[in-house]
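What follows is a short report on a single structure.
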Amino acid sequence: MITLTHFLVVSACIFSIGLYTVLAKRNAIMILVGIELMINAAILNFVAFGRYDKINYSGQVFALFAIVLAAASVAVGLAIILNVYRHYKTINPDQITDLRD
Amino acid sequence: MEELLNISPIHASILVVLLPFVAFLIQAIRGKKSNSGNISLIAITLSTLLSGIFVFAEVWNYLPMHSTYDWFRIGEKTFTIGILLNNLTVLMLFIVCIVALPVHIYSRAYMKGDPGLHRYWMYLSLFCFAMLGLCISKNILVSYIFWELVGFASYLLIGFWFTKESAVQANKKAFLINRIGDLGFLIGIAAVFTSFGTLDLVELFGKEGLIYSEFDKDSGLMTLAGLGFFLGAMAKSAQFPLHIWLPDAMEGPTSVSSLIHAATMVAAGVFLLCTIFPLFNDTVLLLITIIGTITATLAAYFAAGQYDIKRVLAFSTISQLGYMMAAVGIGAWDAALFHLATHAFFKCLLFLCAGAVIHEIAHAKTIAGLDFDPQDLRNMGGLRKYMPKTFVLMSIASLALAGFPLTSGFLSKDAIVIATFEWAFHKGGAYFIVPILLVLVSIITAFYIGRLIFKAFMGESRLPEPAESNIHEAPKQMLYPMYFLAICSLFFVFSINPISYHQAGILSGFSVNYTFKEIHSLHLFIPLTLTATALISWIIGYRWYVLNKYPLNAESGWIKAETNQLGINDFINNTIVKVTLIISRASVWLDKYIVEGLVNSASKGTLYLSKIATLLDRHLVDGFVMAIRNLTIGLSRVAAWWDKHIVDGIVNTIAGLAYYLGHLLRWVQNGRIQNYLGFAFTIVLIGILYLILR
C-alpha cells in the first residue's frame, strides 16, 4: 500500500529538482519553473498530511489556497522577468550582477 | 547696564589712556586709508566722556585712589607700574582731554586735503596717549617714559611738513633741547632712587610719605634732585634759557601748536613740579622763582617785537609759563595749576583763531596766485570786516590773556600776582623785584596782545588787492570748537564770583599751606592796578597801530633786540654749537689716529689668535667630532635593521593577513542572485545538519 512516507519521498524529490533548477539554470523562466516545482512539492505535503484531518479538510483547503497564490506569484514573476528583459536585454541571471558592491 | 555704569575710576582712567593708543595702532596699520581722522576723533571723544564722567566726577574732592602692579625686579628692589588718581592728576587728565577734543574737531577742517593726513592723525593719537599716560602715572620712571614719548610725538608733529627745511631744523632743535631737560629728569630720578629706594609717588609724597619722615631736605643730593627735575621741567615748559625751541616749533601745523605747544605738553613741566612739589628745598624754589620771572619778563618783551602771528603767541605762552613757574617757586602751586587750567583754554583758543586767520589768508593767497607770508602781521589788517566771528572769539581770548575782569585769566593771574606780593612782603627787601617784574609783564602782555589784535583785525587792510576779496569767515567745523573754548575762557566755568578768585573750584580742590600771610588790601588794589594798566596799554596800542601815530623808530636798538630775541639763538650758535663742532672734530681726529691704531693692532692680535685656534680646531676638535660621527653611524645602522625587519615585518604581516581575508570574502559578494540563494541554502543546510547531529 502507499503510505505517507511515499508521498513525502516524492515531495522531497520534486523539491530537490526545483531547488536544483532555481540554483543552476541560466534562464529566468526556468528558475520560475523551479520555484513552481518547489511550491508544488509543498502542496503535495499539504494534501498528504490532510488525511489526518478528516473533519475540516484543512490540508486540502490550504492546498487550494497555495495553488491560487502560486498562480498569482507566477504572474508577478513573469512580469518582473519581462521588465528585466526590457532593461538588460537578457534574462540570464549570471549576467545581471548589479547587486555586487 | 548697571554694571556698565559702575566702572571703577581706575579702570576708566586706564581706558582713557589706552583708547588713543588703540586709535594710533589702528591707523598705523591701516596706513594711507585712514585719513578722515574718525578713529582718532572717536577715541578722544570716548576718552573725554570717560575722564569727565567716570574719573573726574568720581575722584575730584573725594578720596584719592591708586593701584599698583609689579613690573620688574632688580636685586632687592621691585619696580612698580601704577595709576594714581588724586585731585591734581584727574584735573590734568580732564584738561588734556577737553582741550584735545576741540582741537581734533578743528583739525578735520584745518588739515583737510593735506597729503600726509593719515600721519597727522596717527601722531596726534600717539601724543594724546603719551600725554594722558603722563598725567595719571604713579611711578616716576613710567612718567619719564611717557615724558619721552610726549617729546617724541611733539618731534614728529613739529616736523610734520618734513619737506620744509625750516620744519626739519625746528623739530631737531626741539628734540635736542628737550634731551637736555630729559637728562635733568633722569638725574632727578636717580637722586630720588638713591635717597629713598623707591620711585612710587604715593610712597614718596603720600600722606605718610617718605619725604615727610626724618629726612633732610637741604642735603646736597636733594638739591641735585630738585635741580634735575626742574631742568626737565625747564626744557619741556620752555623756560629761559631753554625756551628757544618753542618759537621755532611753530613750524608745525597750527592745530598742533594749539594742543601741544600751548595747552598740554608745555604745561607738563609745571604739572611735574606740582606733582613732586614737597621734594624742593628753599634753594631750588628760589631758583625756580628767579628763572620763572626772568622767563616771563624776557618772553613778554620778545613777544612785543615779533611780526609772525604764531611767534607772538609762542612767546606769550613762554611768558605765561614763566608766571606759573614763579608761582610754583613761591609755593603757591595751586595758583600755578589754576593758571595752567585757564591758560590751556584761552591760549588754545588764541592759537585756533590764529590758525583760522592763517588758513583763510593762505587760502586766499592760493586762489589769487600771489606769494606772501600768510603768518606775517604786516600783511594783515582790517580782517574784522571779513571774519567778524573770529575777531570776537580772538578778542575774548585776548582779554583773558591780558587778565581783564569777567574772564578766567583775570582770576588766575590775580591769584599768582597777589600771592607773589604776599610772598615778597613776607621776605622783604630785594624779593620785591619778582612781583614788580610780574606786574610789568602783565602790562606788556596786555600791550602785545592788543598789538596783535589791532594789527591783524583793525585799521586798513594791508593785504594785496586780489587776495583781499577772497577772505571770508572760517568754516563751521573750525568755529564750533572755538565757541566752546571761548565759553571756557569766561569766569563762570571756574568760579561763581567774577571778581575774587577765592571761590574758584580748582583752588579749593588743593589745600596748600602758604608760608606767608594773606594781606587783604592787596586783593583790592592789585586787580584794579592790573586792569587799569592793561587799559592804558591798549589805548597806547590803539594810537600807535590803528591811528598810525607810531612814535618809535623801528630801527632803534631796542626794537631790533626784541625781534632778534636779544640774539640768544645766535649766541647759542656761536658758542655751544661751535664748541660742540670743535670737540667733535677733535674726537674724529682721536678716533682716526689713536682709536683706530689701537683697533688695528688689536685686530692683528686677534688674527694671530684665530690662526692658532684654527689649528687646534682642525686636529683636536675635528678628530673628536669624527669619532662621535662614526659611532653615531654604527648605532643608526643597527637601529635601521631593527626597524626594517622586525617593526616593519609585524606591520606587513598584519596588513597582508587582512588583505587576504578581505580578498577571500570579496568573492562571495559577486552580485549573482543564484549564488546568494545557494549560499543561503548551504547555510540553512549546515544549520539543519548541526541541529540533527547535535
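The values are calculated or read from the model by the stated rules, or taken from the named source; none is laboratory data. The model shown is predicted, which means the values in this text are computed figures rather than measured ones. Because the Cβ atoms are built from the backbone with ideal geometry, glycine has one as well, and the counts that use them run over all protein chains shown.
Under the condition of being β-branched (Val, Ile, Thr) and away from every other protein chain (no Cβ under 13 Å), which residue from the stretch A:47-87 is farthest from B:Gly671 (Cα to Cα)? Steps first, answer last, please.
So the first thing to find is which residues in the stretch A:47-87 are β-branched (Val, Ile, Thr), and the list is A:47, A:55, A:61, A:67-68, A:74, A:76, A:80-81, A:84.
Cutting the leftovers down to away from every other protein chain (no Cβ under 13 Å) gives us A:47, A:55, A:61, A:67-68, A:74, A:76.
Details: A:Val47: 38, A:Ile55: 49, A:Val61: 39, A:Ile67: 31, A:Val68: 32, A:Val74: 24, A:Val76: 22 Å.
Among them, the one singled out is A:Ile55.
Could you list, ordered by first residue, the pairs with Cβ atoms under 8 Å in which the first is in the stretch B:667-693 and free of Cβ contacts under 8 Å to residues at least 24 places away in the same chain and the second is of a type in the set (Ser, Thr, Tyr) and surrounded by 10 or more Cβ atoms within 10 Å (Cβ to Cβ), at least 6 apart or interchain?
Partner pairs satisfying both residue conditions: B:Asn670/A:Thr97; B:Gly671/A:Thr97; B:Arg672/A:Thr97.
Of all the residues that make up the stretch B:326-341, how many are within 21 Å of the chain's Cα centre (by Cα) and either of a type in the set (Gly, Ala, Ser) or at pLDDT 90 or above (or both)?
Looking only at that region, the number is 2.
Looking at the stretch B:299-311 only, could you name the residues that are within 11 Å of B:Thr445 (Cβ to Cβ) and not in a loop (DSSP other than H, G, I, E, B)?
Listed by number, the residues that qualify are B:Ala299, B:Ala300, B:Tyr301, B:Ala303.
So B:Tyr514 clears everything in (1) outside any helix (DSSP H, G or I); (2) modelled with pLDDT of 80 or more except one condition, right? Which one?
Condition (2) is where B:Tyr514 drops out.
Within the stretch B:360-415, track down each residue that is of a type in the set (Ser, Thr, Tyr) and either touching a Cys at 6+ places or on another chain (Cβ under 9 Å) or closer than 30 Å to B:Pro498 by Cα (or both). If you could, list the steps in order and put the result at the bottom.
Filtering the stretch B:360-415 down to residues of a type in the set (Ser, Thr, Tyr) leaves B:366, B:386, B:390, B:395, B:398, B:407-408, B:412.
Answer for the stretch B:360-415, where residues must be of a type in the set (Ser, Thr, Tyr) and either touching a Cys at 6+ places or on another chain (Cβ under 9 Å) or closer than 30 Å to B:Pro498 by Cα (or both): B:Thr390, B:Ser395, B:Ser398, B:Thr407, B:Ser408, B:Ser412.
Which condition breaks for B:Ala43 when tested against (1) within 19 Å of the chain's Cα centre (by Cα); (2) within 21 Å of B:Ala267 (Cβ to Cβ); (3) crowded, with 23+ Cβ neighbours inside 10 Å?
(2)
Between residues in the stretch B:50-69 that are within 18 Å of B:Gly82 (Cβ to Cβ) and residues that are among the charged types (D, E, K, R) and surrounded by 15 or more Cβ atoms within 10 Å (Cβ to Cβ), which pairs lie under 6 Å by C-beta distance while being six or more apart or on different chains?
Hits for this filter: B:His66/B:Lys138.
Among the numbered criteria (1) surrounded by fewer than 10 Cβ atoms within 10 Å (Cβ to Cβ); (2) more than 14 Å from chain A (Cβ to nearest Cβ); (3) closer than 24 Å to A:Ala24 by Cβ; (4) not acidic (Asp, Glu), which single criterion is violated by B:Tyr690?
All conditions pass for B:Tyr690, except number (3).
Filter the stretch A:13-28 for residues that are over 13 Å from A:Ala42 (Cβ atoms) and facing chain B (nearest Cβ under 10 Å); which is farthest from the chain's Cα centre (by Cα)?
A:Arg26
Has the stretch B:162-171 got any residue that is surrounded by fewer than 22 Cβ atoms within 10 Å (Cβ to Cβ), within 21 Å of B:Ile358 (Cα to Cα) and charged (D, E, K, R)?
yes
Looking only at the stretch B:653-687, filter to residues that are closer than 26 Å to A:Arg26 by Cβ and of a type in the set (Val, Ile, Thr); which one of those is farthest from the other protein chains (Cβ to nearest Cβ)?
Among them, the one singled out is B:Ile683.
Being at pLDDT 85 or above and among the polar types (S, T, N, Q) narrows it down to one of B:Thr407, B:Thr445, so name that one.
Working: B:Thr407 fails: at pLDDT 85 or above.
Criteria check complete, one pass: B:Thr445.
Checking the conditions here, which among B:Ile53, B:Ile74 is surrounded by fewer than 20 Cβ atoms within 10 Å (Cβ to Cβ) and within 30 Å of B:Ser195 (Cβ to Cβ)?
Every option except B:Ile74 fails the conditions.
Only one of these is in a helix (DSSP H, G or I), under 17 Å from B:His339 (Cα atoms) and out of contact with any strand residue (DSSP E or B) (no Cβ under 9 Å at 6 or more places or on another chain): B:Ala424, B:Ala419, B:Ala400. Name it.
On the way: B:Ala424 fails: under 17 Å from B:His339 (Cα atoms); B:Ala400 fails: out of contact with any strand residue (DSSP E or B) (no Cβ under 9 Å at 6 or more places or on another chain).
Unique residue meeting the criteria: B:Ala419.
Results for (1) exposed (fewer than 10 other Cβ atoms within 10 Å of the Cβ); (2) aliphatic (A, V, I, L, M); (3) at pLDDT 85 or above, shown as yes or no for each residue.
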position	(1), (2), (3)
B:Lys592	no, no, no
B:Val595	no, yes, no
B:Val599	no, yes, yes
B:Ala602	no, yes, yes
B:Ile612	yes, yes, yes
B:Leu620	no, yes, yes
B:Phe624	no, no, yes
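Any residue in the stretch A:88-101 that is over 19 Å from B:Val668 (Cβ atoms) and more than 7 Å from chain B (Cβ to nearest Cβ) sitting within a Cβ distance under 9 Å of a residue that is outside any helix (DSSP H, G or I) and of a type in the set (S, T, N, Q)? List the pairs, counting only those 6 or more apart or interchain.
A:Ile91/A:Asn27; A:Asn92/A:Asn27
Among the numbered criteria (1) in contact with a Phe, Trp or Tyr (Cβ under 8 Å, 6 or more places away or on another chain); (2) assigned to a helix (DSSP H, G or I); (3) surrounded by fewer than 24 Cβ atoms within 10 Å (Cβ to Cβ), which single criterion is violated by B:Ile145?
Going through (1) in contact with a Phe, Trp or Tyr (Cβ under 8 Å, 6 or more places away or on another chain); (2) assigned to a helix (DSSP H, G or I); (3) surrounded by fewer than 24 Cβ atoms within 10 Å (Cβ to Cβ) one by one, B:Ile145 breaks only (1).
Given the criterion among the β-branched types (Val, Ile, Thr), surrounded by fewer than 24 Cβ atoms within 10 Å (Cβ to Cβ) and modelled with pLDDT under 90, identify the matching residue among B:Thr283, B:Thr254.
Details: B:Thr254 fails: surrounded by fewer than 24 Cβ atoms within 10 Å (Cβ to Cβ).
Only one candidate passes the filter, namely B:Thr283.
Hey, could you check the stretch B:9-36 for residues that are out of contact with any strand residue (DSSP E or B) (no Cβ under 8 Å at 6 or more places or on another chain) and small (Gly, Ala, Ser) and say which is modelled with the highest pLDDT?
Among those that are out of contact with any strand residue (DSSP E or B) (no Cβ under 8 Å at 6 or more places or on another chain) and small (Gly, Ala, Ser), it is B:Ala23.
If a residue counts only when it is closer than 20 Å to B:Ile309 by Cα, which helices (runs of 4 or more DSSP H) contained entirely in the stretch B:229-288 have at least 3 such residues? Talk me through it step by step, then tell me what you get.
On the way: elements: B:245-248, B:254-258, B:265-275.
Ranges flagged: B:245-248, B:254-258.
Would you be able to say whether some residue in the stretch B:176-185 is surrounded by fewer than 22 Cβ atoms within 10 Å (Cβ to Cβ), more than 15 Å from B:Ile140 (Cα to Cα) and touching a Phe, Trp or Tyr at 6+ places or on another chain (Cβ under 7 Å)?
no
Applying the selection to the stretch B:484-521, what residues are buried (at least 18 other Cβ atoms within 10 Å of the Cβ), of a type outside the set (Phe, Trp, Tyr) and under 23 Å from B:Lys427 (Cβ atoms)?
B:Leu507
Tell me, yes or no, whether the stretch B:638-650 has at least one residue that is surrounded by 10 or more Cβ atoms within 10 Å (Cβ to Cβ), within 14 Å of another protein chain (Cβ to nearest Cβ) and over 30 Å from A:Asn92 (Cα atoms).
Scanning the stretch B:638-650, I find no residue that is surrounded by 10 or more Cβ atoms within 10 Å (Cβ to Cβ), within 14 Å of another protein chain (Cβ to nearest Cβ) and over 30 Å from A:Asn92 (Cα atoms), so the answer is no.
List pairs: first in the stretch B:412-427 and free of Cβ contacts under 8 Å to residues at least 12 places away in the same chain, second in a helix (DSSP H, G or I), Cβ under 8 Å, 6+ apart or cross-chain?
B:Ala424/B:Tyr431; B:Ala424/B:Phe432; B:Ala424/B:Val434; B:Ala424/B:Pro435
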